[in-house]
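Novice: This structure is in structure tokens; I'll ask about it shortly.
The values are calculated or read from the model by the stated rules, or taken from the named source; none is laboratory data. Owing to the predicted nature of the structure, the values given are computational and were not obtained by experimental measurement. FYI the Cβ positions are ideal-geometry reconstructions off the backbone, even for glycines, and counts take in every protein chain you see.
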Amino acid sequence: MTDYQPTIGLEVHCELSTATKLFCGCPNEFGAEPNTNICPVCLGLPGSLPVLNATTVEFALRLAEALSFNVPERSIFARKNYFYPDMPKDYQVSQYEDPILADGVLDVGGSMIRIERAHLEEDTGKSQHIGGGGRIHGADHSLIDYNRAGVPLMEIVSRPDITSAEQARGYATELRAVLLAIGVSDVKMEEGSMRVDANVSVRPVGDTGELGTKVEVKNMNSLRSLGRAIDHEIERQIAALEAGERIAQETRHWDEADGTTHGMRSKEGSSDYRYFPEPDLLPVAPTEEQRARVRGSLPELPAAKRARLVAEWGLAEHDARVLVDVPGLAGYAEAAVVALSAGTPKDVANWCTGEVLAYLNESGLSAEVLPLAPDGLAELVGLVADGTLSRGLAKDVLDEALREPKRPKQIVEERGLAQVSDEGELAAVVDAVIAANAETVESYRSGDDKARKKKRGFLMGEAMKATKGQGNPRLLNRLLDERLSS
Ligand SMILES: [Zn+2]
């Protein structure tokens, strides 16, 4: 059997989070009543003229700074033939030969993946087929919602530099983090505001000539599906080649339920799209002044933020990645660290990647709207650091503080949870435990190391029990050791 190497390129479409559509003033919003966010421009009515939304150019320039793209002097919009009813104009305005960004690069765990281009285009509307199991064949009729027609998209096309499903996931993850950090898209794969298509081909290891025939795989709606679909497609192509078959150049549809890809249609070549320059729009020509303004306002990028959190807070790379990848979580942690009076940034990070993140996942809330403000988390960290709460009790307190509009200190007071750190009080407890367990104390003193450890553990347990679990363990340990060694 021959060994094969996969070659993968990714096309990422993301919806830009502008207030209005690409060429008109209709709201760009998800979930509105069908066919309410429409106007003569996005419906392509005769006599209407498009006007480019300037914010989309600014967003492209942000991406240029983040991923080291070249910004050509001029980019041109073109009409792309589009013959489905969800685009009322029968064409889609996109950029073809002259995209707004060219030759970028993304660092994926040390591998530099080249990006061929990024361009602006308008989204299509949405068809919904009624009857026939939701597919067009056998449907009674179809409904069309044009709210999405004309929503701005950025398409980002990598070079075929990716060599495994895992690296493809890494690329999509890092690109998503960058798009989120620079504020151009909310990049939710599940809601379709980020869509990833994969071009996959295989060829024998060592073959450096032509790439194998590429197949485009669509319809992955999570990063996990992206990895599964690519792995499956690689295996399918290798099996076909081993069986002496030829790979057809086509588009295949990933089916999450059966875990395979299905042929859809033979892929259109670019000649089928009959591109020609859009006569109603001027070339886009960003000025150096615009670029400088964007450069000065670019936020910290995910890779830099991770490196800083590792260096300054002493976090593990994995924890830094979790903080940075969850929208708003790193900002929440940083605000809590600013408010710290006792405890360390690492303590804050641990709570954030543990209990706080679990609560975000469970509630579906974003970190920006957590009922517990960042200085409330700082307060909790302080209560552990100054010995008022054990970690176990702090977990209970945080659990309540995340759900109820109450501060940690208030909960500690209401529930009488404060750890007892009064030395006199604890000394009395230890003395009582020693007096009540004279026999154990005797066998502790005469026993070997193993026996001593066991007896000491028992006495410590008795002392904790006597304080209902609220005795400061460090203090109790010291007092017990003093009594036992005297
Ligand atoms: Zn419109």
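Novice: Taking the conditions exactly as written (of a type outside the set (Val, Ile, Thr), farther than 25 Å from ARG306 by Cα and free of Cβ contacts under 8 Å to residues at least 40 places away in the same chain), does PRO371 satisfy them or not? Give the steps one after another, and end with the answer.
Specialist: Working: of a type outside the set (Val, Ile, Thr): yes; farther than 25 Å from ARG306 by Cα: yes; free of Cβ contacts under 8 Å to residues at least 40 places away in the same chain: yes.
Yes.
Novice: Another one. So LEU10 passes all but one of these: (1) among the hydrophobic types (A, V, I, L, M, F, W, C); (2) part of a loop (DSSP other than H, G, I, E, B); (3) closer than 29 Å to SER201 by Cα. Which condition number does it fail?
Specialist: Among (1) among the hydrophobic types (A, V, I, L, M, F, W, C); (2) part of a loop (DSSP other than H, G, I, E, B); (3) closer than 29 Å to SER201 by Cα, LEU10 violates only (2).
Novice: Mind listing whichever residues of the range 140-151 are buried (at least 16 other Cβ atoms within 10 Å of the Cβ) and away from the ligand (no atom under 12 Å from the Cβ)?
Specialist: Of everything in the range 140-151, those that are buried (at least 16 other Cβ atoms within 10 Å of the Cβ) and away from the ligand (no atom under 12 Å from the Cβ) turn out to be ILE144, ASP145.
Novice: Continuing with the same structure: Working only within the range 421-460, note down all residues that are in a helix (DSSP H, G or I), polar (S, T, N, Q) and touching a helix residue (DSSP H, G or I) at 6+ places or on another chain (Cβ under 7 Å).
Specialist: THR440, SER443
Novice: Return the only residue of LEU52, LEU22, LEU16, LEU45 being within 16 Å of the ligand (Cβ to nearest atom), over 30 Å from ALA239 (Cβ atoms), without any contact (Cβ under 8 Å) to a residue 24 or more places away in the chain and among the aliphatic types (A, V, I, L, M).
Specialist: LEU45
Novice: Going residue by residue through the range 461-477, is there one that turns out to be loosely packed, with under 14 Cβ neighbours inside 10 Å and touching a helix residue (DSSP H, G or I) at 6+ places or on another chain (Cβ under 7 Å)?
Specialist: Scanning the range 461-477, I find no residue that is loosely packed, with under 14 Cβ neighbours inside 10 Å and touching a helix residue (DSSP H, G or I) at 6+ places or on another chain (Cβ under 7 Å), so the answer is no.
Novice: So, one more: Would it be correct to say that PRO204 is more than 28 Å from ALA257 (Cβ to Cβ), surrounded by fewer than 19 Cβ atoms within 10 Å (Cβ to Cβ) and touching a residue at least 40 places away in the same chain (Cβ under 8 Å)?
Specialist: Spelling it out, PRO204 is indeed more than 28 Å from ALA257 (Cβ to Cβ), surrounded by fewer than 19 Cβ atoms within 10 Å (Cβ to Cβ) and touching a residue at least 40 places away in the same chain (Cβ under 8 Å).
Novice: Condition first: within 16 Å of the ligand (Cβ to nearest atom) and either of a type in the set (Ser, Thr, Tyr) or not assigned by TED's automatic domain parsing to the domain that holds LEU281 (or both). Can you find one or more residues in the range 58-79 that meet it?
Specialist: no
Novice: Moving on. Got a sec? Which strands (runs of 3 or more DSSP E) wholly within the range 78-129 have at least 2 residues that are farther than 20 Å from ARG176 by Cα and of a type outside the set (A, V, I, L, M, F, W, C)? Please lay out each step first, then the result.
Specialist: Values: elements: 91-95, 101-108, 111-122.
It comes to 91-95.
Novice: If the Cβ limit is 6 Å and pairs must be 6+ apart or interchain, which residue in the range 257-271 that is at negative phi pairs with which residue that is modelled with pLDDT of 65 or more and among the hydrophobic types (A, V, I, L, M, F, W, C)?
Specialist: Short answer, once both residue conditions are applied: THR261/VAL217; THR261/TRP254.
Novice: A further question follows. Confirm whether GLY31 is assigned by TED's automatic domain parsing to the domain that holds LEU106, in a loop (DSSP other than H, G, I, E, B) and at positive phi.
Specialist: So GLY31 passes the test.
Novice: If only one of ALA168, ALA177 is of a type in the set (A, V, I, L, M, F, W, C), under 21 Å from THR56 (Cα atoms) and either without any contact (Cβ under 8 Å) to a residue 12 or more places away in the chain or in a helix (DSSP H, G or I) (or both), which one is it? I'd like the intermediate steps shown before the answer.
Specialist: Working: ALA168 fails: under 21 Å from THR56 (Cα atoms).
Result: ALA177 is the single residue among ALA168, ALA177 that is of a type in the set (A, V, I, L, M, F, W, C), under 21 Å from THR56 (Cα atoms) and either without any contact (Cβ under 8 Å) to a residue 12 or more places away in the chain or in a helix (DSSP H, G or I) (or both).
Novice: Would you check if there is a residue in the range 29-42 being out of contact with any strand residue (DSSP E or B) (no Cβ under 6 Å at 6 or more places or on another chain), within 16 Å of LEU120 (Cα to Cα) and within 11 Å of the ligand (Cβ to nearest atom)?
Specialist: yes
Novice: Go through the residues of the range 347-357 one by one and say whether even a single one is outside the structural domain of MET460 (by TED's automatic domain parsing) and exposed (fewer than 15 other Cβ atoms within 10 Å of the Cβ).
Specialist: For the range 347-357, residues outside the structural domain of MET460 (by TED's automatic domain parsing) and exposed (fewer than 15 other Cβ atoms within 10 Å of the Cβ): present.
Novice: Further, regarding this structure: Taking the condition of a type in the set (D, E, K, R) and modelled with pLDDT of 90 or more, does ARG295 pass? Show your work before the answer.
Specialist: On the way: of a type in the set (D, E, K, R): yes; modelled with pLDDT of 90 or more: yes.
Taking the combined requirement at face value, the residue satisfies it.
Novice: Within the range 1-13, restricting attention to residues that are surrounded by 13 or more Cβ atoms within 10 Å (Cβ to Cβ) and of a type in the set (A, V, I, L, M, F, W, C), which residue is nearest to the ligand (Cβ to nearest atom)?
Specialist: Taking the candidates together, the pick is VAL12.
Novice: Could you grab me the full set of residues in the range 302-316 that are in contact with a helix residue (DSSP H, G or I) (Cβ under 6 Å, 6 or more places away or on another chain) and surrounded by fewer than 18 Cβ atoms within 10 Å (Cβ to Cβ)?
Specialist: VAL310, GLY314
Novice: I'd like to know if the range 111-125 contains one or more residues that are over 18 Å from ILE156 (Cβ atoms), touching a helix residue (DSSP H, G or I) at 6+ places or on another chain (Cβ under 8 Å) and touching a residue at least 60 places away in the same chain (Cβ under 8 Å).
Specialist: No.
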